[in-house]
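Quick notes on the structure that follows.
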Amino acid sequence: MPGYAPTPLIEVPALAERWGVASVWVKDESSRLGLPAFKVLGASWAVNRALTAAAGLPPAQTLEDLKAVAAGSGATLVTATDGNHGRALAHMGRLLGLSARIYVPGGLPESTRRAIRGEGAVVVETGVVYDGAVARAAAEATEGDVLVQDTAWDGYEEIPSWIIEGYSTLFAEIDLQLPTPAGIVAVPTGVGSLLQSALEHYRAVGRTTRPRVLAVEPASAACVTASLATGHPVTVDTSAPTSMAGLNCGTVSRTAWPAICESLDAAIGVTDTEAAEALAFLHEKGISVGPCGAAALAGFEAAWCSRNGPEMLGLGSAATVVLLSTEGAAANEGR
C-alpha cells in the first residue's frame, strides 16, 4: 500500500510509575495509511484477497495491480459499520475506482456519515442497532456485490478471516518496536476480530514470548465478557448509547469465539466515565486518541486496581504493558 509506515509506539513513563511496572507503551493508530484508525489494515487485505480470488489470481502485490483486477470486476463493496470499518472500505473503493455501499445503524453522528460519504460511498441508514445493520447488509448483497464484513457467522467466514490477517501487521510492528517483550496487551474489543488477531499472533506455534491479553469492552455492550461468563456466545442489548460507539457490538464474531474461549486471559467492561478519564489523560500526554482507543487504558486501570489485580493479571514490577489506541481523536468512532 502506498504510504505504508509503522505507526508509533509511544512510551508513557507516568503510567509505568502509577502502576509500578517497568514500562507502558501506547500503540498509536491515529494515522494509518491516510485514515485515523487501524481498520484499513483489514479492509485493504480483504478486498485484495476477495477481488483476486474471484478473478482466479494470487493476491496482488501492488495497488496498481489490484486496480487492474478491480477494473475488470465491476464490483460494489458492501459492509455495515459504526464508522471506521465502513470508511476504510469506502476508501478502498475510491482508490480502486469501485462503488461502495455502507449500511449504518441508527444514532450514528452526522460527522461519521459525512466522512463515509466523503470517500464516495452510498450510505444506507438502517435505523437499527449494529447487529441489525449487519443482517440487512448481508440480506441485500446481490450478485456483483462483495460483502466485506468484519464479523463472521455460519457460512460467512472467509472474508472476515482475511480481515483478521490484515490486522496482524499491527502486532508484528509492536514486536519489532518494543525494546523488551510485552507482558500484557490490552485490546479494545467489539465483535472480537482485532482481539482474535491479537490472540492468533501471540499464541502462534513456536512463539517464544506469550504475553497476556486483556479484552476491554463498554460495560453496556460487553458481549465477550458475557459470553465467557456463560461459556458460550450470547447476544447482549446494545441499544444504550456509549461514547465508545465502535465497540457497541452485541454479538461475538463466530470465528473469534474459539480463540477467545481457549486463550484469552481476561476481559473487562468499562464505563463512558472511565473511558473519558483515560482519554483526558492521554490527551494531556500529547497522544491523539478517541474513546475507543482510550478504552485500553481505562480497562487496564480498572483491572489493575481491582482486588488482587496485579496477581490476577500475573504481572510484577518488571512487566511491560502495551495499550492499543485503535483510533485518533479525529476518527469517526466505530467499526
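Kindly indicate whether Val213 is outside any loop (DSSP other than H, G, I, E, B) and either aromatic (Phe, Trp, Tyr) or farther than 19 Å from Thr273 by Cα (or both). Here the answer is yes, as Val213 does meet what is asked.
Counted as qualifying within segment 57-135 are the helices (runs of 4 or more DSSP H) with 2 or more residues that are under 19 Å from Ser193 (Cα atoms), namely 84-96.
Every residue, every condition in (1) modelled with pLDDT of 95 or more; (2) small (Gly, Ala, Ser); (3) over 25 Å from Lys27 (Cα atoms); (4) not assigned by TED's automatic domain parsing to the domain that holds Val191, yes or no:
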| residue | (1), (2), (3), (4) |
| --- | --- |
| Ala53 | yes, yes, yes, yes |
| Thr62 | yes, no, yes, yes |
| Leu66 | yes, no, yes, yes |
| Val69 | yes, no, yes, yes |
| Gly74 | no, yes, yes, yes |
| His91 | yes, no, no, yes |
| Arg94 | yes, no, yes, yes |
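A single entry from Trp25, Trp45 fulfils the requirement of being modelled with pLDDT of 95 or more and within 22 Å of Ile164 (Cα to Cα): Trp45. Across segment 1-41, the number of residues qualifying as outside any loop (DSSP other than H, G, I, E, B), of a type in the set (Gly, Ala, Ser) and within 14 Å of Ser325 (Cα to Cα) comes to 1.
Within segment 208-230, residues that are over 19 Å from Ser197 (Cα atoms) reach no partner that is of a type in the set (Gly, Ala, Ser) and part of a helix (DSSP H, G or I) with beta carbons closer than 6 Å at six or more positions or on different chains.
With the structure loaded, tell me whether Ser243 is under 19 Å from the mean Cα position of the chain (by Cα), at negative phi and either of a type in the set (Ser, Thr, Tyr) or surrounded by fewer than 18 Cβ atoms within 10 Å (Cβ to Cβ) (or both) or whether it fails that test. Here the answer is yes, as Ser243 does meet what is asked. Of all residues in segment 120-160, which are modelled with pLDDT of 95 or more and within 18 Å of Asn48 (Cα to Cα)? Those that are modelled with pLDDT of 95 or more and within 18 Å of Asn48 (Cα to Cα): Asp145, Val146, Leu147, Val148, Gln149, Tyr156, Glu157, Glu158, Ile159, Pro160.
Kindly evaluate Val47 against the criterion of being within 18 Å of Ala294 (Cβ to Cβ), in contact (Cβ under 8 Å) with a residue 60 or more places away in the chain and either buried (at least 19 other Cβ atoms within 10 Å of the Cβ) or outside the structural domain of Phe281 (by TED's automatic domain parsing) (or both). Let's see the steps before the verdict.
On the way: within 18 Å of Ala294 (Cβ to Cβ): no; in contact (Cβ under 8 Å) with a residue 60 or more places away in the chain: yes; either buried (at least 19 other Cβ atoms within 10 Å of the Cβ) or outside the structural domain of Phe281 (by TED's automatic domain parsing) (or both): yes.
In short, no.
Listed conditions (1) over 22 Å from Thr273 (Cα atoms); (2) at pLDDT 95 or above; (3) out of contact with any strand residue (DSSP E or B) (no Cβ under 6 Å at 6 or more places or on another chain) are all met by Thr208, apart from (2).
Here segment 195-205 is the region considered, the condition is being out of contact with any strand residue (DSSP E or B) (no Cβ under 8 Å at 6 or more places or on another chain) and among the hydrophobic types (A, V, I, L, M, F, W, C), and the residue that is surrounded by the fewest Cβ atoms within 10 Å (Cβ to Cβ) is Val205.
Hey, can you tell me all the residues within segment 121-149 that are acidic (Asp, Glu) and touching a Phe, Trp or Tyr at 6+ places or on another chain (Cβ under 9 Å)?
Taking segment 121-149 and keeping what is acidic (Asp, Glu), we get 125, 131, 140, 143, 145.
Result: Glu125, Glu140.
Against the condition over 15 Å from Trp45 (Cα atoms) and in contact with a His (Cβ under 8 Å, 6 or more places away or on another chain), how does Glu143 come out, does it pass? It would help to see each step written out before you state the result.
On the way: over 15 Å from Trp45 (Cα atoms): yes; in contact with a His (Cβ under 8 Å, 6 or more places away or on another chain): no.
No: the conditions fail for Glu143.
The set of residues in segment 86-116 that are farther than 18 Å from Asp145 by Cα and free of Cβ contacts under 8 Å to residues at least 60 places away in the same chain comprises Pro105, Gly106, Glu110, Arg113, Arg114.
Out of the residues in segment 142-168 that are among the aromatic types (Phe, Trp, Tyr) and buried (at least 19 other Cβ atoms within 10 Å of the Cβ), which is nearest to Gly132 (Cα to Cα)? Of everything passing the filter in segment 142-168, Trp162 is nearest to Gly132 (Cα to Cα).
The values are calculated or read from the model by the stated rules, or taken from the named source; none is laboratory data. In this text the structure is predicted, and so the values were computed from the model without any measurement. All Cβ positions, even for glycine, are placed from backbone atoms using ideal geometry, and neighbour counts span all protein chains on display.
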